[in-house]
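A.B. asks: Following this message is one structure expressed as structure tokens.
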Amino acid sequence: AADPQIAAFTDDGSDPAVAGGLYTYQIRVDNNALDAAINTRLRVTVPAGASFVSAAPASQNCAPISATVVECALGTLGASGADARTVSMTWRAIFPGLTSIASSAEVLADNDDNPNNNRETEDTTVNPGGNLSLGMTGAPGSASTGSTVTYTLTAANAGPNAVTTMVVTNNL
């Protein structure tokens with residue numbers, strides 16, 4: 001019998017995240033039993049409003065199985081804590097803040113005899129945020145000495161939240 005467990009489920013310092021921005025979880029899976037854990041899988045579930053971006057290392061075989069669930073096929077997890085695995089997963093907070101993302105990590109194995117330590121949760125705060133951009137054009141394209149050139153600055157916000165105070169500075 002094996003005893004795989006979620007040994008740690010934490011953010012990498014990206015809490016709080018900004019709406020529209022990225023946040024990353026570090027998940028460490030371990031096996032405390034004397035037998036190897038067979039067909040070990042790590043499953044991370046996030047609520048709607050977050051989207052999977054990436055997982056590392058690639059050797060942990062992580063892939064989305066739905067819009068809100070990513071599963072990693074860890075294979076055989078060695079015995080007695082000698083084969084701990086750490087997976088880093090990056091997500092995007094695609095909904096407006098201020099809110100909290102309640103995520104869960106679960107480890108499964110074919111021969112697990114202690115399911116009581118297989119699940120952990122992590123909450124990530126999402127603060128309001130915008131996605132600002134600035135464009136600049138000048139006209140005419142070329143000018144002689146002493147003539148007038150007009151620059152147009154165009155600011156935009158792709159959201160997800162409105163920006164109430166923005167300052168544009170253009171040093172010539």
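A.B. asks: In debye, nearest 20, what is the charge dipole magnitude of segment 33-172 about its Cα centre with +1 on Lys and Arg Cβ and -1 on Asp and Glu Cβ, if you could check? Display every interim value, and only then the final one.
C.D. replies: Working: 5 positive and 10 negative charges, 147 e Å.
So the dipole magnitude of segment 33-172 works out to roughly 700 debye.
A.B. asks: How large is log10 I(q)/I(0) at q = 0.14 Å⁻¹ when the Debye formula is applied to the Cα atoms of the chain, each weighted equally and without solvent?
C.D. replies: -0.76
A.B. asks: How large is Rg/Rh for segment 29-86, to two decimals, with Cα atoms and a Kirkwood Rh?
C.D. replies: Values: Rg = 12.8 Å, Rh = 12.3 Å.
Here Rg/Rh amounts to 1.04.
A.B. asks: What is the percent carbon and sulfur in the accessible area of the chain, measuring with a 1.4 Å probe over the protein chains and ignoring ligands? Intermediate values should be presented prior to the final figure.
C.D. replies: Numbers: 4610 of 9120 Å².
Carbon-and-sulfur percentage of accessible area, whole number: 50.
A.B. asks: Ratio of Rg to Rh for segment 1-42, alpha carbon only, Kirkwood? Before the final figure, lay out each step's value.
C.D. replies: Working: Rg = 14.6 Å, Rh = 12.2 Å.
Rg/Rh: 1.20.
A.B. asks: OK, next. Based on the mean of other Cβ atoms within 10 Å per residue, sort peptides 17-27, 141-151 so the most packed one is first.
C.D. replies: Peptide ranking by packing, descending: 17-27, 141-151.
A.B. asks: In square angstrom, what is the accessible area per residue of the chain with a 1.4 angstrom probe? Mind showing how you got there, number by number?
C.D. replies: Numbers: 9120 Å² over 172 residues.
With the other protein chains kept in place, the chain gives 53 Å² per residue.
A.B. asks: Same structure again: Once the Cα gyration tensor of segment 130-172 is diagonalised, what are the square roots of 5 times its eigenvalues, in whole Å and ordered largest first, as equivalent ellipsoid semi-axes? Please report the intermediate quantities before stating the final value.
C.D. replies: Numbers: eigenvalues 176, 21, 7 Å².
Equivalent ellipsoid of segment 130-172: 30, 10, 6 Å, largest first.
A.B. asks: At a 10 angstrom cut-off on C-beta neighbours, averaged per residue, how do the peptides 132-139, 87-94, 63-70 rank from highest to lowest? Don't skip to the end; give the middle numbers.
C.D. replies: On the way: 132-139: 10.5, 87-94: 19.8, 63-70: 13.0.
Final packing ranking: 87-94, 63-70, 132-139.
The values are calculated or read from the model by the stated rules, or taken from the named source; none is laboratory data. Computed from a predicted structure; not experimentally measured. Neighbour counts are summed over all protein chains in view; Cβ atoms, including those assigned to glycine, are modelled from backbone coordinates with ideal geometry. We work out accessible area using only protein heavy atoms, side chains counted, and drop any ligands, DNA or RNA first. Shrake-Rupley method; radii C 1.70, N 1.55, O 1.52, S 1.80 Å.
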